[in-house]
Structures are given as structure tokens and as C-alpha cells.
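What follows is one structure encoded as C-alpha cells, with my remarks underneath.
The values are calculated or read from the model by the stated rules, or taken from the named source; none is laboratory data. What you see is a predicted model; the values in this text were computed from it and never measured. With ideal geometry, Cβ positions are generated from the backbone for all residues, glycine too; neighbour counts draw on all protein chains shown. Areas reflect the complete protein model, heavy atoms only, side chains present, ligands, DNA and RNA absent. Shrake-Rupley method; radii C 1.70, N 1.55, O 1.52, S 1.80 Å.
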Amino acid sequence: MQSTQSDRPELGAYFHQVVDCQWACPAHTPVPEYIRLIAQGRYGDAYMVNWVSNVFPGILGRTCDRPCEPACRRGRVEVGNAPTEDPNHAERMVLEAPAAVLRGEYRPEPVAICRLKRVAADHKEDISARLPQARPKNGKRVACIGAGPSSLTVARDLAPLGYEVTVFDADPKAGGFMRTQVPRFRLPESVIDEEVGYIVRDNVVFVANCRIESMKALLDDKTGGGWDAVFVGSGAPRGRDLDVPGRRESAAQIRLGLDWLASVYFGHVTKVGRRVIVLGGGNTAMDCCRSARRLGADDVKVIVRSTFEDMKASPWEKEDAMHEGIPILPCHVPKEVVRDASGRLSGMRFEIVESVYDAKGRRTLKPTGAPDAFYECDEVLVAIGQENAFPWIERDIGIEFNDKGLPKLDERTLRSTHERVFFGGDAAFGPKNIITAVAHGHEVAVSIDRLLRGEDPQERPPPHVNVLSQKMGIHEWSYDNAISADLRFKTRWKKAEEALKSIRIEAELGFDAVTAYKETQRCLNCDVQTVFTDKLCIECDACVDICPMDCITFAAPGDEADLRTRLKAPARNATQPLYVSGPLKTARLMVKDEDVCLHCGLCAERCPTGAWDMQKFLIEMAHAGPATPDKPATLRVVMEASPR
């Protein structure tokens, strides 16, 4: 197996992958960095580290789909190490994972990364003076269609470079689905106003209540369009409908979830019937059922085709709904809408199915033969999916679409088959989430910037990488390497009887400062890398002896599959890399399994020759702007501007 250190330029990519949370984040937010800043009480700095990467720390701290948390190493380290005598354990786990606890199962928990992001947003000082100032206008005009997270990210990245960015939206305020489809009990409007306000300023113009009717007009110099580049971030605005007998006849009592949530936001819907069925297993369905509870329904059911485990909704969204007394009924396929003698909706009939999987993991729903289930209801909310819609894009202007109605895009640049038109967010590849839309926005901003500066958008600027030793003394490091044994801490909630009184009362209150600090101590500092120098090693095995996780082995050379079986603790998780040295004096290799490394630094403290060192790895993905070797990273500029 080739030495990990044999090709230094590739070591940055290796270290990036080892920082599991940052690697999993579509926007590659440097998670351990901002968690350490929160631990130090530097909330403004922590917020700005987030803001550089994910643009909406306060919004995402409440609504993110959290791809970072399943990747978190802490959960893997805790497997099989659950304390059984901790009096707080049951209480915490009941609040964080009630179903698992009631089944008598233990579920290792990652660091509460998302909730800590919110801590930075809620506790920060005024950061407005630290936002980048716009350069003089450079004469280039960019139109963004839709005012959701992808468009706003494009605007944020391009405006400081001198581009005149105009954001068009059919709604009166910017924010897109973050504002109109995410309920206020999850995301207060003041948070959206604040973070959108950091973007819509200087060179960014927001045109409200303006529905774009023609892409051709936007691109035509003769009709007053003539934009140098157009970004389409209009989302996936169309809800998928239900096609069963009785649907059309009961149209007045059956609403598409997306449209209904928007009607709730704008005040067109202020109450619902007493009995509500929500169809669908995604986060939109969870928002619908919890909103219905707050609008007067006391009998709300979520009914899904899939199993509970296969639902697309985030686990915590399902748990929040159940915490509010909303049952989730899996394996029910809608069969018929039933009406009473007067023709009014009275309920729905469902076929009971089971999920059967083939050798490739593909699911088929098969009837069980059980009698159909019938549930009474006064209203039905349909949240079974979203679809894209581009009726305003003419099909004769050079923008091609695939058989699913999605634009044909270059996946690297997100440019369409028209050289001046780009897509991102849900409008690019279908419904995803906010953090993916932000990542698309960053990539498109790079593409547009390079295009309008006469450069090839295919040539992407490299990320900025910095590796710095944390050594301060023989046994001292500039980071806290003590490993907390605490389980994941519970967050604060509004009492259910109060939270359910109004759709505008935020249900989850977030960590207080003390609990936030305790949660930060669960982070393993995965960005502080164990760096090994071959020529300094005397093969004394001191590092092997002291490693608490048996991560380190000195072994004879072999290929990766062979090495994984010969380590002190076999490395069975093939998704995690091996850190391998070059040949040592005895021709053996130092092999370290990254899977459950605690980054505690004990190997470096014990090493008598300094062959091991703990070095903080910081990577910032390239943003729009001229790429020069000595260009300071945005993150560094932000940190240097931080008041002390």
C-alpha cells in the first residue's frame, strides 16, 4: 500500500476526508474550528467561520438536514461504550431518541453540530462591521431568478467583487421556501430577516413581487434584458398530487402541502378541521402535521407508504412530531378518498403493504392481504413530493432539458447548454435541502466570475489549505485534547401546552451557554491531525502501547485489504482511510486506522523522538474571485478582523 505521505499535495485531500463532519457538509463548513471558538465564548468568530461557508448559520442552526452528524466520529467511538449507570442517560435519550430507548436499544449520538451552530448565531455580538465591503461596480450584471438560498449565496459571493446582482422573486420578501414553507415555530422570521439582510445590500438589488415570464427576454439585449449571466434558483415549486378515486370530488378539503404551508405563512389559512390526515414521509409532511396541530386540529395522523425507517424525513423531525402527540402510520398506500352522503370528505381508505427488497436493495411494496384500513378526517394535506417547473423558459433558446424536465447541466460548473445560464439548488437536480443549495450557489458564483473575466469556468481554483503544529511544550497543545465522556446533551424546549398555542411560538429554544460549552467538549477535534515523520521514528512502539483505541500498528507491507486484517484492531470500516508511513528501518510500516481515532495526542506526547505531531488542518473551499497563490483565505481575513 502506498504511503499516505508520499505525495504531499494529496495529503490535503486525505486530511479533509478525515474531518468527517466537514467532508460530509456540502458547503464544507470547518465544524471543529467553530466548535472550539464556541467553547472559548467567541461566538462572533464562530458565527463568521460559519457564515463564510454556509451563509445562513442562524437559519441552518434550526433547519439543516445535518449531513455532518451521521458522519461524526463521536457516534462511532461511542459504539459499545454506553454508560449504563449514568442517571441522566435515560432522560437524555428519551428526549433525543424516544423510539430507540423504548425498544431497549442504545443509539450512539454524534456531537450536536447543528444546535451548536445555532448557539453561535444566538449568542454572537453585532457582526455587521465584519461583513465584506463591495468593490466599485465592474460593469457586469447578473440576474438571479428566485430569492432562495442558492440565489442569495450567488449574490453574496459576487456582489463584493463589483458585480451588480439583481434578485427577482414573486414573493414580497426574500428567502424563498425558507420563509414561506418552513413554519415559524421552527424558524422565526426575525432570523430570516437578519441573515437575508446581510446579503441584500450594496451591489445587490431585490425586486419583489416580480414573476419572471420569459428567459428569452432576460437574455435579449434589444428588449432591455441583456444580462451578462442568469442564475436560475427557482426551486422545485410544484407539489406532487395524489391520484386516487374521490380526489377531484373532494378538492376543497384536500390541499397540496407546499401550497398549504405558503397559505399559512401569508395568513390565508388560519384554522383547520379537527381531524387531519397528512400523506407523505418527508420533512414537508412533518411541517404540515405540526402546523395543523397549532391551527386547531386535535386528531392529526401522518400516513406513509414506506416503513418508518425508510421515511425521507430527518429522524429528529419525526421525533418532534411524535413528541407532540402525532402518530406516524407506516406501510399504508392511499386507495380511495371517501365522502359521506352529502358529498363531503369523510375519510380515506388505505391498503396495507410491506416493503420487500431485492438483492440490489430496491424496494417493492407488496400487499399483505390484511383488510383495508379506514381513517376518518375533515382535511387531507398531500406532501408526497416536489417537482420542478420551468414554463417560463422557452425551449428554443438553447437550454436543453432531460426526460425528467430538469436542465442538462455540466455537473462541475452547473452551467446549462446556454453559456450564460446557470442553475442551482432544487432547480438544478431536483429537491434536496438548504445546505446543498448553498453549496451550489458557491460553485455557480465561481463559474460566473470566471466566465465574465474571460476565463474557463471548467478550471476551478484550488482550495486554501493550512496545516499548523499545535505543540506548545513537551506535553502541551494549543487545543484542549481532553476527551469528555458525556453523552449528547438535551436541548431546551418550550412546554408543549405553550408551544401548541400558536404557530409563531418557537418550539425548540436551543442550548444555553453552559450546556453549549459542555456539548463542545464532546467534539474530538478531528481537524487536529496526527502527522507522522518516518525518519524520526525509532520503532519503540510507545505510541502503540498508549493509544486508547488501538489505532496504531507497526506491520509488514501489504495491500490495503491485507493490512486491514493484520492491524492490532482490525480496520473493518472500509469507508475510513488508513494512514500509512513509508518503509521504516525494519522495513515495517506504521499503519493508523482513522476510523475511531480520538485525536487525543497521546501518541505525540509519548513519542520520545517527536515522530508524531498534532497539526491543525484548515481547508477553505475556493470562492469567487481572482485565484492567486498569495491570496489570503476569506476565513483568515475574517479571523484577523475579529476583535479580541
(Q) Within the range 578-592, does at least one residue satisfy the condition of being touching a Pro at 6+ places or on another chain (Cβ under 8 Å), open to solvent by less than 70 Å² (accessible area, probe 1.4 Å) and among the hydrophobic types (A, V, I, L, M, F, W, C)? (A) yes
Q | Pair list, Cβ < 7 Å and 6+ apart or interchain, from the range 349-369 residues that are closer than 18 Å to Leu279 by Cα to residues that are polar (S, T, N, Q) and surrounded by 10 or more Cβ atoms within 10 Å (Cβ to Cβ) | A | Ile352/Thr368; Val353/Thr368; Glu354/Thr368; Ser355/Ser306; Ser355/Thr307; Leu365/Ser355
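Could you please let me know if Val337 is closer than 30 Å to Val182 by Cβ, in a strand (DSSP E or B) and in contact with a Ser or Thr (Cβ under 7 Å, 6 or more places away or on another chain)?
Details: closer than 30 Å to Val182 by Cβ: yes; in a strand (DSSP E or B): yes; in contact with a Ser or Thr (Cβ under 7 Å, 6 or more places away or on another chain): yes.
The answer is yes for Val337.
Yes/no per residue for (1) acidic (Asp, Glu); (2) surrounded by fewer than 14 Cβ atoms within 10 Å (Cβ to Cβ); (3) under 20 Å from Val382 (Cβ atoms):
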residue	(1), (2), (3)
Leu295	no, no, yes
Met311	no, no, yes
Glu317	yes, no, yes
Asp320	yes, no, no
Pro327	no, yes, yes
Val337	no, no, yes
Met348	no, no, yes
Tyr357	no, yes, no
Lys366	no, yes, no
Q. Among the residues of the range 31-40, which ones are in contact (Cβ under 8 Å) with a residue 40 or more places away in the chain, of a type outside the set (Lys, Arg) and open to solvent by 10 Å² or more (accessible area, probe 1.4 Å)?
A. Glu33, Ala39
Q: Give me the pairs, please: first residue somewhere in the range 515-528 and free of Cβ contacts under 8 Å to residues at least 40 places away in the same chain, second residue anywhere and open to solvent by 10 Å² or more (accessible area, probe 1.4 Å) and of a type in the set (Phe, Trp, Tyr), beta-carbon distance under 6 Å, and either six or more positions apart or on two chains.
A: Thr515/Phe489; Lys518/Phe489
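Select the helices (runs of 4 or more DSSP H) contained entirely in the range 479-554, then report the ones holding at least 3 residues which are closer than 30 Å to His268 by Cα and either open to solvent by less than 50 Å² (accessible area, probe 1.4 Å) or of a type in the set (S, T, N, Q) (or both). Break it down stepwise before answering.
On the way: elements: 496-499, 513-520, 542-546.
Output list is empty.
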Q. How many residues are open to solvent by 50 Å² or more (accessible area, probe 1.4 Å) and out of contact with any Gly (no Cβ under 7 Å at 6 or more places or on another chain) when one looks only at the range 167-199?
A. 4
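Just to be sure before I move on: is Ile145 closer than 30 Å to Lys318 by Cα, surrounded by 17 or more Cβ atoms within 10 Å (Cβ to Cβ) and among the aliphatic types (A, V, I, L, M) in the structure I sent? Steps first, please.
On the way: closer than 30 Å to Lys318 by Cα: no; surrounded by 17 or more Cβ atoms within 10 Å (Cβ to Cβ): yes; among the aliphatic types (A, V, I, L, M): yes.
So Ile145 does not fit the description; no.
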Q: Would you please name the residue that is farthest from Arg74 (Cα to Cα), looking only at residues in the range 86-139 that are open to solvent by less than 20 Å² (accessible area, probe 1.4 Å) and modelled with pLDDT under 55?
A: Ala100
Q: Starting from residues that are of a type in the set (A, V, I, L, M) and over 23 Å from Cys331 (Cβ atoms), keep the ones in the range 257-287 and report whichever is surrounded by the most Cβ atoms within 10 Å (Cβ to Cβ).
A: Leu258
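Could you look through the range 464-478, keep only residues that are part of a loop (DSSP other than H, G, I, E, B) and either crowded, with 16+ Cβ neighbours inside 10 Å or of a type in the set (A, V, I, L, M) (or both), and pick out the one that is modelled with the lowest pLDDT?
First, the residues of the range 464-478 that are part of a loop (DSSP other than H, G, I, E, B): 470, 474-475, 478.
Next, only the ones that are either crowded, with 16+ Cβ neighbours inside 10 Å or of a type in the set (A, V, I, L, M) (or both) stay: 470, 474.
On the way: Gln470: 89, Ile474: 72.
Applying the filter and picking the extreme gives Ile474.
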Q: Considering only the range 1-74, give the helices (runs of 4 or more DSSP H) lying wholly within it that have at least 2 residues that are in contact with a strand residue (DSSP E or B) (Cβ under 6 Å, 6 or more places away or on another chain).
A: 8-18
**Q.** Total residues in the range 41-69, condition open to solvent by less than 20 Å² (accessible area, probe 1.4 Å) and more than 18 Å from Ala437 (Cα to Cα)
**A.** 7
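Can you pull out the residues in the range 388-403 that are loosely packed, with under 13 Cβ neighbours inside 10 Å and farther than 25 Å from His442 by Cβ? Steps first, please.
Looking only at the range 388-403, we keep the residues that are loosely packed, with under 13 Cβ neighbours inside 10 Å, and these are 391, 395-396, 400, 402-403.
Those that are loosely packed, with under 13 Cβ neighbours inside 10 Å and farther than 25 Å from His442 by Cβ: Pro391, Arg395, Asp396, Asp403.
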Q) What single numbered condition from (1) in contact (Cβ under 8 Å) with a residue 40 or more places away in the chain; (2) farther than 25 Å from Val446 by Cα; (3) part of a loop (DSSP other than H, G, I, E, B) fails to hold for Arg115? A) (3)
